[in-house]
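Below is one structure, written out as structure tokens, with a few remarks after it.
Readers should treat all values here as calculations from the given coordinates under stated rules, not as data from a laboratory. Treat the numbers as computed from the prediction; the structure is a model and nothing was measured. Quick reminder, even Gly has a Cβ in these numbers, built from the backbone with ideal geometry, and neighbours come from all protein chains shown.
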């Protein structure tokens with residue numbers, strides 16, 4: 001029989017062989033799709049429910065994506081009252097409903113992948129510490145990788161190598177040397193605002209795009225030094241790429257849509273290639289200059305390349321490739337602009353709502369600096385009230401509403417056995433607003449709760465984590481906080497501010513927590 005089958009195979013035409021191969025490939029694809037979209041989700045659903053967990057019902061392919069999109073659209077038609085900081089029901093309506101119906105520890109479906117909410121701070125700490133390597137990063141999408149595919153997306157040895165090489169660039173001593181750049185960028189922003197202001201009266205401005213430009217300018221200068229003009233071009237392209245990405249999220253529940261040659265998808269590829277071309281030229285010039293001793297290493301790119309050369313010791317395999325450096329430079333922009341610009345935006349909004357804290361912060365700044373530039377690191381570090389305010393804003397309006405980790409294999413956490421392939425959702429926003437942790441005034445603006453520092457703000461350790469936690473805590477958090485302190489101090493020295501009548505309090509999240517209708521503020525020169 002085997003010989004006969006072999007003979008028939010030899011005598012078969014190429015078209016018949018191609019047809020047979022196509023049929024086998026089709027059968028494999030059908031089986032793989034059925035396994036991914038039906039059998040595996042059903043198996044995991046049964047395993048979770050058998051242990052007492054409750055959650056939404058799985059829908060083929062899309063899970064809760066369509067319902068989540070519907071609820072988000074509905075929530076975004078309903079702004080919040082001014083002064084209301086209880087934002088979780090509006091920002092995460094699907095997860096908020098799930099906690100009400102199924103309990104704090106419930107699960108929803110991101111397509112065919114279950115997301116289990118982990119509300120216990122001790123369990124969150126265990127997941128973030130990842131001592132035994134059981135929890136990995138959620139697998140990044142093809143489109144997501146276009147934005148940035150740096151250290152934040154890596155796991156295991158690759159993450160360890162990237163983090164080790166990046167660490168020297170973000171050491172506090174190196175960041176202190178960048179204070180003059182922070183100060184110069186802030187001064188330019190203030191001067192532009194003053195020049196736009198009438199001799200008397202108020203000047204209305206949407207501070208969100210202003211802070212995006214400010215932080216983009218800062219990261220362009222601190223990352224690329226003398227090549228900051230090219231850096232600004234990258235910042236602009238990254239902004240357009242992010243807008244395209246946000247548009248593409250509307251079709252996330254359509255399988256394979258991101259692979260289609262749509263206008264948005266084509267433009268994303270064009271921007272991706274253009275950014276890479278600019279960065280490759282900047283990196284190439286810098287590497288040649290470093291080899292000839294013609295440049296210093298005071299900016300992030302120089303520090304990164306210097307650290308990379310020390311790590312590799314002449315062996316390219318031990319260090320980062322040019323492609324790796326490109327991705328880390330792209331990540332500088334998202335890490336260095338989004339979080340800080342949003343922190344400043346929400347801070348001005350909240351201080352406009354709570355004028356008494358604005359005055360307390362201004363008094364502290366003037367006592368320390370007067371009208372001089374606030375560019376002394378030691379003095380900035382002693383600004384207790386300013387620090388309390390920034391921490392409180394990060395608690396109430398964290399840039400990321402949640403973090404996710406993926407179980408690499410079956411693992412037990414808090415008495416529950418999770419199969420491999422489950423996403424664990426660490427709800428930063430929900431934990432930051434939990435009355436059982438922070439008290440009955442959990443959703444009120446009260447910076448005094450941080451009067452004795454972050455660790456003493458509540459009896460529960462590890463409940464404040466706007467920059468993540470564990471070994472993967474955001475490498476740029478000190479950079480972001482120092483930049484935010486200086487910018488806020490500079491503004492408080494020159495202006496008082498209040499909400500414009502046109503402002504609508506409507507926080508919502510796409511990639512981060514944004515003001516849906518902008519952040520219109522009335523400035524008055526002091």
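Points worth noting:
- Between the range 406-428 and the range 175-215, the Cα center-to-center distance that results, in Å: 44
- Relative contact order (%) - criterion: Cα under 8 Å, at least six apart; region: the chain: 23
- Simple spin-label estimate for residue 177 and residue 460 gives 4.2 nm between the two label positions (7 Å along the Cα-to-Cβ direction from each Cα).
- Beta bridges by DSSP in the chain, antiparallel share as percent, to the nearest 5: 80
- Taking label positions 7 Å along the Cα-Cβ direction at both residue 236 and residue 50, the computed distance is 5.9 nm, reported to one decimal.
- The length gained by stretching the chain between residue 36 and residue 78 to full extension, at 0.36 nm per residue less their Cα-Cα distance, is 11.4 nm.
- Calculated FRET value between residue 315 and residue 381, using beta carbons and R₀ = 30 Å, to 0.05: 0.15
- Using alpha-carbon coordinates, inclination of helix 300-312 to the longest axis of the chain, degrees: 50
- The range 465-495 versus the range 62-94: alpha-carbon centroid distance in Å: 27
- Residue exposure sequence - 450, 110 - by fewest surrounding Cβ within 10 Å: 110, 450
- Estimated FRET transfer efficiency (residue 473, residue 16; beta-carbon r; R0 56 Å; 0.05): 0.40
- Ranking of 381, 443, 352 by neighbouring Cβ atoms within 10 Å, starting from the fewest: 381, 443, 352.
- Rounded, prolate or oblate (a/c below 1.5 giving rounded, otherwise prolate when a/b exceeds b/c) for the range 51-170 by Cα gyration tensor: prolate
- A simple spin-label model places pseudo-atoms 7 Å from Cα toward Cβ; at residue 192 and residue 289 they are separated by 2.4 nm.
- For the range 199-332: relative contact order, % (alpha-carbon pairs under 8 angstrom, 6 or more apart): 25
- Helix 355-369 and the longest principal axis of the C-alpha atoms of the chain enclose an angle of approximately 70°.
- The chain: angle of helix 477-494 to the longest principal axis, Cα-based, in degrees nearest 10: 30
- Cα shape, the range 402-493, gyration tensor, a/c 1.5 rule: oblate
- Volume per residue for the range 169-220 equals 87 cubic angstrom (convex hull of Cα atoms).
- Antiparallel bridges, percent of DSSP beta bridges restricted to the range 354-490 (to nearest 5): 90
- Calculated FRET efficiency for the pair residue 226/residue 246, C-beta based, R₀ 51 Å, to 0.05: 0.95
- P(r), alpha carbons of the chain - 10 Å bins starting at zero, rounded %: 3, 16, 26, 26, 17, 7, 3, 1, 1, 0
- At 0.890 mPa s and 25 °C, Stokes D of the range 367-440 from Kirkwood alpha-carbon radius, µm² per second: 154
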